[in-house]
Amino acid sequence: MRRFARLVLCLTLSGSFALFSQTIVVPVTQPTLARHYEQGESLVYRMQGINEGQSTTRRYDAVAKGLVTKDASGNFVEQFHWSDVHSDGEAFTLSPESQQLQQTVSLDPGYRLAMPSLRTVQPVLIGPIADLLTFYADVQLAMRQKDLIHVGDHVFVKRSVPNSWAYGTHVLLGQDVIDFDISLQSVDEAAHTAILIVRHVPPAELQLKLPTAWMLKPVGSRPNNWVQVEKTQEGKYIAGIGLETFEADIKISLLSGRILSATMDNPVDVLERTCDDADLATCGEASHYRVWRQIRLEAQPN
């Protein structure tokens, strides 16, 4: 279960041609990379994830099938439903509520991305939902940057608003805060694709409102930027504080602007305690471990 958190690419290619009848060179600017939507367009993505935890490794595999339509404001949106879910290699039966969940994302710059309500969703879907949102958020944010023009260009975007993946019944608190280092790694004009690298890095100063003082001590070399509190069936509270980074590599079509594929490498160094009370004041000894998540998204034939 993980974050969200985070945005489409704004790419301008320029070239020039000579008017041989004159001794001048006139610049030609290619259209800015944007999502060129078509009403009724269908999309299919397959997402795979590996989550290496304290003592276990969990895997998921899921398919998102979407359709392009317009919202009430006239923005193009992509509405996805999840299916064909596998957990640790075994087929997983989704509940009617999970099957009916509609996740809406968009690379339209006028659309505001948001996490759908997760209260009735089975936990196995929280990771795929949040990870899909992360890829779309990365690309949408990059599209808004005016300085991503040439291969090697990069911009740094600060953000102080926490992203949340808490859904109220099991995960009571789940937040991270990251800044963005976005770069245009390559452009393949023959294949009509661009590669975008988005590094999610901890802010230089603490931006989370932490529920207890023992979480203030940095787990790593920078201020903590990840926190999670889970309530167990036995009435205990598992509280973790950590340092999170991740890097997304995203391939985008220069023709349609759609995401073709993406990968995410997401380590979190965690200090965790099991506590008896909701105030996290009466807790056991701390344990230190690393969570390492690796995610892959791939466009599929319709």
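The values are calculated or read from the model by the stated rules, or taken from the named source; none is laboratory data. In this text the structure is predicted, and so the values were computed from the model without any measurement. In this analysis, Cβ positions are derived from the backbone assuming ideal geometry, glycine residues included, and neighbour counts consider all displayed protein chains.
Residue check: GLN300 meets all listed conditions (1) among the polar types (S, T, N, Q); (2) under 22 Å from GLU205 (Cβ atoms); (3) at pLDDT 95 or above but one, namely (2). Filtering the stretch 72-93 to residues that are outside any strand (DSSP E or B) and at pLDDT 95 or above leaves PHE92, THR93.
This table checks each residue for (1) within 18 Å of the chain's Cα centre (by Cα); (2) polar (S, T, N, Q); (3) surrounded by fewer than 19 Cβ atoms within 10 Å (Cβ to Cβ).
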residue: ASN51; (1), (2), (3): yes, yes, yes
residue: SER55; (1), (2), (3): no, yes, yes
residue: ASP71; (1), (2), (3): no, no, yes
residue: GLY74; (1), (2), (3): no, no, yes
residue: PRO96; (1), (2), (3): no, no, yes
residue: SER106; (1), (2), (3): yes, yes, no
residue: GLY127; (1), (2), (3): yes, no, no
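Would it be correct to say that ASP277 is over 30 Å from ASP108 (Cα atoms) and either of a type in the set (S, T, N, Q) or more than 27 Å from the chain's Cα centre (by Cα) (or both)?
Values: over 30 Å from ASP108 (Cα atoms): yes; either of a type in the set (S, T, N, Q) or more than 27 Å from the chain's Cα centre (by Cα) (or both): yes.
Yes: the conditions hold for ASP277.
Working only within the stretch 243-267, note down all residues that are of a type outside the set (Asp, Glu) and within 14 Å of ASP131 (Cβ to Cβ). Within the stretch 243-267, PHE246, ALA248, ILE250, ILE259, SER261, ALA262, THR263, MET264, ASN266 qualify. The residues of the stretch 228-258 that are within 18 Å of the chain's Cα centre (by Cα), closer than 26 Å to GLN175 by Cα and hydrophobic (A, V, I, L, M, F, W, C), listed by number, are LEU243, PHE246, ALA248, ILE250. Counting the residues of the stretch 282-292 that are modelled with pLDDT of 95 or more and among the basic types (Lys, Arg) gives 0. Look at the stretch 249-261: where a residue is outside any strand (DSSP E or B) and a partner is surrounded by fewer than 19 Cβ atoms within 10 Å (Cβ to Cβ), sitting 6+ places away or on another chain with Cβ atoms under 7 Å, you get LEU254/HIS192; LEU254/THR193; LEU255/HIS192; SER256/HIS36; GLY257/ALA34; GLY257/HIS36.
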